[in-house]
Amino acid sequence: MEKSADELLATPRWRATDADLLSALREAEELHRRAYATALAVLAEARTRGLTGGYDNTRLALHDAARISVTEAARREAHVELLARSPEARAAVEAGLLGADHLDVITKTLAAIPSHVDPDQRTQAEFLLVEHARTLDARALKRAARHVLAWLDQDGPEPADEPVEQPANTLYLDTLHTGHVRIAGKLGPEAGALLVSLLNPLTAPRTTDGAPDHRSRAERHGDALADLLRLIANAAATPIDGGQRPHLTLTMSLNDLRDQIGNAHIAGATDLGTLNARQARRIACDATVVPLVLDSASQPLDVGRAKRTAPPGIRRALVWRDGGCAFPACDRSAPWTDSHHVKHWADGGETSLANMVLLCRRHHTLIHHSDWEVRIRDRLPEFLPPTFIDPARGPRRNTLHGARSPLRRKCLVG
């Protein structure tokens, strides 16, 4: 049984299990948030009384009394004003569900709402933000906030129309003996700006339930470029090469794939080496499977007809139902996702809406290599977190998009 934060304090830390430490971190954060709620309640009472202690205002009194900056004092006053307007936000902070970073996002988003927006819509937006803050971290909440602002101000700013020169572009590719491809080159201002704009949404540091992203800036850009290439390869307008759209050929025995043993040979335009069986299973979730019969010398005797595991009709239904990556708090849109089988097709899982879910590459990998689980319940995907995140393993769903997303319904019905 996992120890609470108080129990852990009374126990030598070296004796604590990993699960105990992770659970204690979660509980400590909840305590920190509840303490912040108490600090805001005290500040609210001081403001109500007009208490200044001889200073010009409560903000300056707080600055000296608590040894915090005037900027921080102003930030807390903004939080106090939010909690005074929103009982839902106050209850969530007092329960340890929301922290100061969540309140920052909500207050800044509300301040960014155009003045012409109807007061009732403004109130609805505030309610939506608080509801999403209960289940999202601050970074994911910012994404939800962008959806809210887009719903409130659907016209947006007028686009600029300036001519841009188009100088020559160069690109050098060098395939290394390890299978890696080294890239060098130069793009003109227009092409360069386009590439940067496509990569920027994919290069921000990622967190999974608060865990920091340890990738370097170069690694984040490399992963973003790989995601972009996958999107291009799946696009309907992709150029034809040798009678087929650009693709990777992955070869391994079906038994090895089912048993998650051995390696798979992967080849494209050049020989790119091997993948282990776990990686192969992830790729095979959304792939064209070609049966290949080999003789005793491993020479091909017969090639069967390709069978696509996620046919267009099911893919369209998945896009309508999930809207994008279905993992909780992920805002990656449908073109960036794979069609994942809840019960793997190699294990007999059906290729059907009731057994599939859209996952971006990062969360697809996480599902295959962690204790996160996904299931379909009430015809919608839901995810069960590891016990160190939630000892009760309460099911979670993505509320940013999908058929039943509050934000999506708002955008659809206005």
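The values are calculated or read from the model by the stated rules, or taken from the named source; none is laboratory data. Since the structure is predicted, the reported quantities are computational estimates derived from the model, not experimental observations. FYI the Cβ positions are ideal-geometry reconstructions off the backbone, even for glycines, and counts take in every protein chain you see. Surface areas here come from the heavy atoms of the whole protein model, side chains and all, with no ligands, DNA or RNA. Shrake-Rupley method; radii C 1.70, N 1.55, O 1.52, S 1.80 Å.
Yes or no: residue 17 more than 17 Å from residue 103 (Cβ to Cβ), free of Cβ contacts under 8 Å to residues at least 40 places away in the same chain and open to solvent by 40 Å² or more (accessible area, probe 1.4 Å)? Steps first, answer last, please.
On the way: more than 17 Å from residue 103 (Cβ to Cβ): yes; free of Cβ contacts under 8 Å to residues at least 40 places away in the same chain: yes; open to solvent by 40 Å² or more (accessible area, probe 1.4 Å): yes.
It is true that residue 17 is more than 17 Å from residue 103 (Cβ to Cβ), free of Cβ contacts under 8 Å to residues at least 40 places away in the same chain and open to solvent by 40 Å² or more (accessible area, probe 1.4 Å).
So that you can scan it fast, the table gives a plain yes or no per residue for (1) in a loop (DSSP other than H, G, I, E, B); (2) closer than 21 Å to residue 135 by Cβ; (3) open to solvent by 30 Å² or more (accessible area, probe 1.4 Å):
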site: 73; (1), (2), (3): no, no, no
site: 76; (1), (2), (3): no, no, yes
site: 82; (1), (2), (3): no, yes, no
site: 88; (1), (2), (3): no, yes, yes
site: 92; (1), (2), (3): no, yes, no
site: 97; (1), (2), (3): yes, yes, yes
site: 105; (1), (2), (3): no, yes, no
site: 108; (1), (2), (3): no, yes, yes
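From the residues in segment 352-367 that are open to solvent by 40 Å² or more (accessible area, probe 1.4 Å) and touching a helix residue (DSSP H, G or I) at 6+ places or on another chain (Cβ under 7 Å), which one is nearest to residue 21 (Cα to Cα)? Selected residue: 365. Can we say residue 76 is at pLDDT below 90 and not hydroxyl-bearing (Ser, Thr, Tyr)? In short, no.
Per the conditions (1) at pLDDT 85 or above; (2) open to solvent by 90 Å² or more (accessible area, probe 1.4 Å), the sole criterion not satisfied by residue 38 is (2). Of the residues making up segment 6-18, at least one is part of a helix (DSSP H, G or I), within 30 Å of the chain's Cα centre (by Cα), under 30 Å from residue 386 (Cβ atoms) and modelled with pLDDT under 90. Of all the residues in segment 313-344, those that are over 16 Å from the mean Cα position of the chain (by Cα), surrounded by fewer than 21 Cβ atoms within 10 Å (Cβ to Cβ) and in a helix (DSSP H, G or I) number 8.
All of (1) modelled with pLDDT under 85; (2) in contact with a helix residue (DSSP H, G or I) (Cβ under 9 Å, 6 or more places away or on another chain) hold for residue 113 with one exception: (1). Applying the criterion of being under 27 Å from residue 333 (Cα atoms) and of a type in the set (Phe, Trp, Tyr) to the residues of segment 116-172, the residue that is modelled with the highest pLDDT is 127.
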